[in-house]
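Asker: Take a look at this one; I'll ask things after.
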Amino acid sequence: MIRVLGKGLTAQAIKNKYDDVMLYDDSDFDKYDLESDDITIVSPGIPPFNEMVKKAKNIQSDYDLLFNDMPFSIWISGTNGKTTTTQMIQHLLESKGSVCGGNIGTPITSLDKNAPIWILETSSFTFHYTNIAKPNLYVLLPISEDHISWHGSFKEYEEAKLKPLSMMVEGEIVIIPEEYKDYPTSAMKITYKDSNDLCSYFNIEKEKIDFKEPFLLDALLALATKKIVFDEIDYEKINTYKVDKHKVEEFYDKQNRLWVDDSKATNIDATINALPSYKDKKIYLILGGDDKGANLKPLFEFLKDYKIEIYSIGTNSERISKYCNEYKLKNFQCNLLEKAVEEISKKHDKNAVSILSPAAASLDQFSSYKQRGKEFKKFVSSLSLN
């Protein structure tokens, strides 16, 4: 029998594929046989301090369960950009028969095992519970503070992201940030510190790529992946990729003023990556939400060099205000997104930019980052011409 802790998409996919599967959550865990050595798959959203996990034996991830049936696999992880990079790689390789899933879209249990390539966005949660499975090619974007409340510390989060390196073997390849060049692995290491490094190593002509940062790094990693696997650099195809909504998405209001929906920026690194393109403008930045216990100080060290005003919302609004006072940044504690938009509108002009880049999760006030972004656009579109 296979036992699964959790009843979400991952769990349901396992139940649909295998016979004799039992699903458990906190409400019925009293029926769980604590002495059983049956395989126990933990849904990635369940943290290691959950009582079900602490009392279970023989814990694995769904990646471990599928590993023997897994074709050539490319795993993508990192703190920011992993979804875009995964989608870009799939965009480049779909003509080669690849399928895409994991942390986005299709659970891996539902992927076609006859496809020649699996492209998997993989979270630190999944890595934590993975003990057997490993990629053939691992693409790691930069790591910064995130999910501290789940992992317990940045070190644990970082170790989860690096865990595949210790399991990979000769003949396999990792592309990793330069700071991890000494991390032990038997795989071949390709390291980078920025986009220029990737261009140099893979002989990619940056001027032929239509994306600017932060999407330029994602595009280069996707091009590098196709170069490794098929020895091709496909500029024409990568330039047809369309970036998801709510990620540095520019739009204009009725007065032709620039607003940016970056609601998907759920941690400080995403916000830091979104701002450099606008450094020559006055920036009205909306920050706040559930910061998941992250250290916000590096964000404010970064912001102090910008022409910026902060409009704080969400459960950490007061915490943001305290940092603003410490760094002498002008701050308005709005608490609600609608009020932040209204306050910014009183000052905004055609020489400035207003950005929703919260550096925090959305669930304190919204159902998702997507809903937060949609509400932001709705509030902006409702502004009067006066």
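Asker: Can you tell me which residue is surrounded by the most Cβ atoms within 10 Å (Cβ to Cβ) among those in region 279-327 that are touching a strand residue (DSSP E or B) at 6+ places or on another chain (Cβ under 8 Å) and among the acidic types (Asp, Glu)?
Answerer: ASP291
Asker: In region 21-49, what residues are within 10 Å of GLY6 (Cβ to Cβ), open to solvent by less than 30 Å² (accessible area, probe 1.4 Å), modelled with pLDDT of 90 or more and in a loop (DSSP other than H, G, I, E, B)?
Answerer: Listed by number, the residues that qualify are SER43, ILE46.
Asker: Where the second residue is assigned to a loop (DSSP other than H, G, I, E, B) and of a type outside the set (Ser, Thr, Tyr) and the first is at positive phi and in contact (Cβ under 8 Å) with a residue 24 or more places away in the chain and lies in region 223-246, which pairs have Cβ atoms under 6 Å and are six or more apart or on separate chains?
Answerer: Here the result reads HIS246/LYS264, each pair linking region 223-246 to a residue that is assigned to a loop (DSSP other than H, G, I, E, B) and of a type outside the set (Ser, Thr, Tyr).
Asker: Which one of these does SER367 not meet: (1) within 23 Å of LEU258 (Cα to Cα); (2) assigned to a loop (DSSP other than H, G, I, E, B); (3) open to solvent by 20 Å² or more (accessible area, probe 1.4 Å)?
Answerer: (1)
Asker: Of the conditions (1) open to solvent by less than 40 Å² (accessible area, probe 1.4 Å); (2) under 21 Å from PHE379 (Cα atoms), ASN256 fails just one. Which one is it?
Answerer: Status for ASN256: all satisfied but (1).
Asker: Let me ask something additional. Which of (1) in a strand (DSSP E or B); (2) under 25 Å from ASP262 (Cβ atoms) is the odd one out, the single condition HIS91 does not satisfy?
Answerer: (1)
Asker: Assess whether THR225 counts as being closer than 14 Å to GLY78 by Cα, assigned to a helix (DSSP H, G or I), β-branched (Val, Ile, Thr) and out of contact with any Gly (no Cβ under 6 Å at 6 or more places or on another chain).
Answerer: The answer is no for THR225.
Asker: Test each condition in (1) at pLDDT 95 or above; (2) over 30 Å from GLU232 (Cα atoms) for TRP118 and report the one that comes out false.
Answerer: Every listed condition holds for TRP118 apart from (2).
Asker: Of all residues in region 153-203, count the ones that are under 16 Å from THR79 (Cβ atoms) and among the polar types (S, T, N, Q).
Answerer: 1
Asker: Could I ask something else about it? Here's a check for you: in region 56-79, which residue that is open to solvent by 30 Å² or more (accessible area, probe 1.4 Å) and assigned to a loop (DSSP other than H, G, I, E, B) is farthest from VAL229 (Cα to Cα)?
Answerer: Among those that are open to solvent by 30 Å² or more (accessible area, probe 1.4 Å) and assigned to a loop (DSSP other than H, G, I, E, B), it is LYS57.
Asker: I would also like to ask the following. Just the residues that are within 15 Å of ASP64 (Cα to Cα) and part of a helix (DSSP H, G or I), please, taken from region 1-16.
Answerer: THR10, ALA11, ALA13, ILE14
The values are calculated or read from the model by the stated rules, or taken from the named source; none is laboratory data. Note that the structure is a prediction, hence the values are computed from the model and not measured. We place every Cβ from the backbone using ideal geometry, glycine too, and count neighbours over all the protein chains shown. Surface areas here come from the heavy atoms of the whole protein model, side chains and all, with no ligands, DNA or RNA. Shrake-Rupley method; radii C 1.70, N 1.55, O 1.52, S 1.80 Å.
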